[in-house]
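Shown next, in structure tokens, is the structure this report addresses.
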Amino acid sequence: MGILNEDAVLIQPGKLPGDPCVVTVNCPDQAGLGCDLCRIILEFGLSITRADFSTDGRWCYIVFWVTPQLSSHKIDWDSLKNRLLSNCPSYLGAFYFCQQSNVPSRPSVYLLKFYCRDRKGLLHDVTKVLTELEFTIQRVKVMTTPDGRVLDLFFITDDAINLLHTKQRQVDTCNHLTAVLGEHGVSCELELAGPEYESVQGFSSLPPAVAHELFGSSEPADTEIASSDTNKAVITVDNQLSPVHTLLQIQCVDQKGLFYDILRTSKDCNIQISYGRFASKIKGDRNMDLFIQTKDGKKILDGKHQANLCARLKQEMVHPLKVTILNRGPDTELLIANPVELSGKGRPRVFYDVTLALKTLGICVFSGEIARHTTSERQWEVYRFLLDDSREFPLASQRAKNQVVDRVTKTLMGW
């Protein structure tokens, strides 16, 4: 058995209030490790302001400078360290591989069901509790009854500590939710998910025009990229600087999860990043230098391969999520779609951000759900919200609908 090394992850607080914390990861490398670490950082509500990383294919050294996305966010740094450690091969390989028979490969899916009286912001408040408890929301089904009550079904997994099978973890979860629901709460139940989980795996068909807007190619033309400050992405390919690596120089508008999107795309395209630098923001823009190779350790010399990679990266940087709103009969429906990693994981905190934006606008959600949609090219995670037209925020006008799309988009992108 190897030796556990908690120094594989070090977290150093900022010297002054407001300064970023420095997270250092020093461990054996594995395919997609940088993407997995960025995903965890994003799950904790942190933004990566700078990053440096290098690897020789066997060992990697990564430094992240991180700050909370919102000043009100309280970060559990010990929990963050444990989550990062759990993804480091030095931690898993030294100890957990010796206990594979005792640790399930994937956490079980549990159904959290609660019935309560409706109120503004309820859905976000519940989502906030589940996020703070480090649950992963896999699917959601929210229904409002004619008498103003709400039946919410949250299908969750305990990816962080995998203790949801214990009575204590279940009781703590229900107690936290009961405290948030207050006098509006009626009942709260938590149990292993059954056949009902399969019934919310997919949607009924979407109108062709809506499906094309959500899932169709959104690669912008170079002229569009150059002329729009909010959709600017420039990628330069250089094969002269390094004898064994292709250099990608990227300049684009800063946004939430940008580094994650780039590493996620590289991982899905089987691109290895040997060295990278994610520079500090300058006038709202980010600059990145990535020294990359193919999976078999070669430079990317083929022009078609270069063009396809750059087009994919631009698409993921400019449109990491799709947001649209439409009329569904007399009702208004909000739809958000984001691509799922090849590993099967969706983007973190989307449900949290969308419900936060709707709560800020004072819009109630009549019904909501999360499911997967598969196209010929990839799988998508789709969020559908049927919005309640209220006196405080009437949704009849196109201007109001545009305001909803704008607020939701800016919250998701961190603008």
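The values are calculated or read from the model by the stated rules, or taken from the named source; none is laboratory data. Quantities reported herein were computed from a predicted structural model and do not represent experimental measurements. Cβ: placed from backbone, ideal geometry, glycine included. Neighbour counts: every protein chain shown.
Values for this structure:
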{"item": "Residue pairs meeting the criteria (Cβ under 8 Å; at least 6 apart or on separate chains; first under 20 Å from THR67 (Cβ atoms), in the range 274-303; second in a loop (DSSP other than H, G, I, E, B) and of a type in the set (D, E, K, R))", "result": "LYS281/ASP254; GLY284/ASP254; ASP285/LYS232; ASP285/ASP254; ARG286/ASP254"}
{"item": "Single condition GLY329 does not satisfy, out of (1) buried (at least 16 other Cβ atoms within 10 Å of the Cβ); (2) free of Cβ contacts under 8 Å to residues at least 40 places away in the same chain; (3) outside the structural domain of PRO243 (by TED's automatic domain parsing)", "result": "(1)"}
{"item": "From the options ALA337, ALA357, residue that is closer than 19 Å to GLY414 by Cα and touching a Leu at 6+ places or on another chain (Cβ under 6 Å)", "result": "ALA337"}
{"item": "Selection count where residues are over 23 Å from the mean Cα position of the chain (by Cα) and hydroxyl-bearing (Ser, Thr, Tyr), scope the range 355-407", "result": "2"}
{"item": "Within the range 143-160, considering residues that are more than 21 Å from the chain's Cα centre (by Cα) and buried (at least 18 other Cβ atoms within 10 Å of the Cβ), the one nearest to VAL354 (Cα to Cα)", "result": "ASP152"}
{"item": "Residue ID - farthest from VAL253 (Cα to Cα), chosen from residues in the range 33-57 that are at pLDDT 90 or above and part of a loop (DSSP other than H, G, I, E, B)", "result": "PHE44"}
{"item": "Tally of residues being over 16 Å from GLU316 (Cα atoms) and either touching a residue at least 60 places away in the same chain (Cβ under 8 Å) or assigned to a helix (DSSP H, G or I) (or both) across the range 336-362", "result": "14"}
